[in-house]
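Some notes on the structure that comes next.
The values are calculated or read from the model by the stated rules, or taken from the named source; none is laboratory data. As the structure is a prediction and not an experimental result, all values here were calculated from the model. Reconstructed Cβ throughout: ideal geometry from the backbone, glycine too, with neighbour counts over all protein chains shown. When the accessible area is computed, the model is the full protein with side chains, heavy atoms only, and any ligands, DNA or RNA have been set aside. Shrake-Rupley method; radii C 1.70, N 1.55, O 1.52, S 1.80 Å.
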Amino acid sequence: MSALTAEQRGDLAEDMLPVAAHLAVLVHGDGGPEDIQGVLTRLDDAQRNALIVVLAGLVDPEQPMGRALGWLDFNEDGALTVPHWGEHRPVRDLAAVPEPDCGSEYVDPVAVQRFVDGLPVDVSDAELLVALEKCADRGMSLRQVDQLRRVPKGTTANAVNRLRKAYARAGRELPPVLRSGEKQADLTNAQVVEIREKYAAGGVTDLELSMQYGRSRKTITSLLSGASYRHVGGPIRAPRSVARAS
């Protein structure tokens with residue numbers, strides 16, 4: 001940072017405040033090692049140096065280690081005091097955490113398959129949801145996904161927790177794979193017909209329909225093919241072999 005002016009160093013340190021807040025959120029349970037690495041790799045050398053300065057500035061070097069780690073304190077009036085940064089919003093609100101895409105983001109089936117096979121691959125949030133759904137269909141727990149991926153215990157659970165919170169903050173309905181133990185009501189006949197008609201009209205995938213109606217992709221695929229709800233109306237999707245022959 002020596003090549004920068006004092007004003008530029010100050011501006012850069014201020015720019016790193018949301019990054020420092022983001023790291024705090026990840027470290028305290030909203031992410032795992034891969035998420036933290038993703039934040040750090042997006043920074044250049046000057047930004048990383050500024051981030052270190054910001055993080056170091058959160059610690060009072062005159063305090064014993066125990067108090068430095070627990071840096072909240074009380075004044076003589078018993079009021080809670082914190083270091084003054086000129087920023088009064090909660091850390092979570094300050095953290096620039098990208099919101100997840102609700103299904104419109106492109107999903108690379110090759111990346112998803114590599115994830116499910118336990119091979120090294122970087123996946124987007126949308127691809128992670130599809131991959132976790134496939135793992136769930138195989139009866140795998142989140143801990144077993146960690147073992148499959150050879151990542152530290154809790155990595156997948158942290159990613160799921162992060163997505164749940166992000167969807168909740170955005171006021172979005174949770175995708176089925178992010179719901180834990182929630183019993184879903186059966187689809188109505190009208191919904192079944194509506195889903196089949198939407199697919200028949202073209203331009204929508206099984207995954208997009210599953211996101212729209214809060215059901216797993218397996219449920220939607222079964223519905224479209226007539227394996228379930230066969231007694232209900234609406235256009236049934238032809239078997240894939242018949243579709244290719246026509």
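Note on residue 165 and residue 8: their simple-model spin labels are 3.5 nm apart, each label 7 Å out from Cα toward Cβ. Surface calculation, 1.4 Å probe, protein heavy atoms: residue 55 sits at approximately 70 Å² accessible. Counted by Cβ distance under 11 Å from residue 229, the other residues give a net charge of +1, where Lys and Arg count +1 and Asp and Glu count -1.
In the neighborhood of residue 197, defined by Cβ-to-Cβ distances under 15 Å, what is the net charge if each Lys or Arg adds +1 and each Asp or Glu adds -1? Mind showing how you got there, number by number?
Values: positive: 196, 198, 237; negative: 194, 206, 208.
Neighbour charge sum, excluding residue 197 itself: 0.
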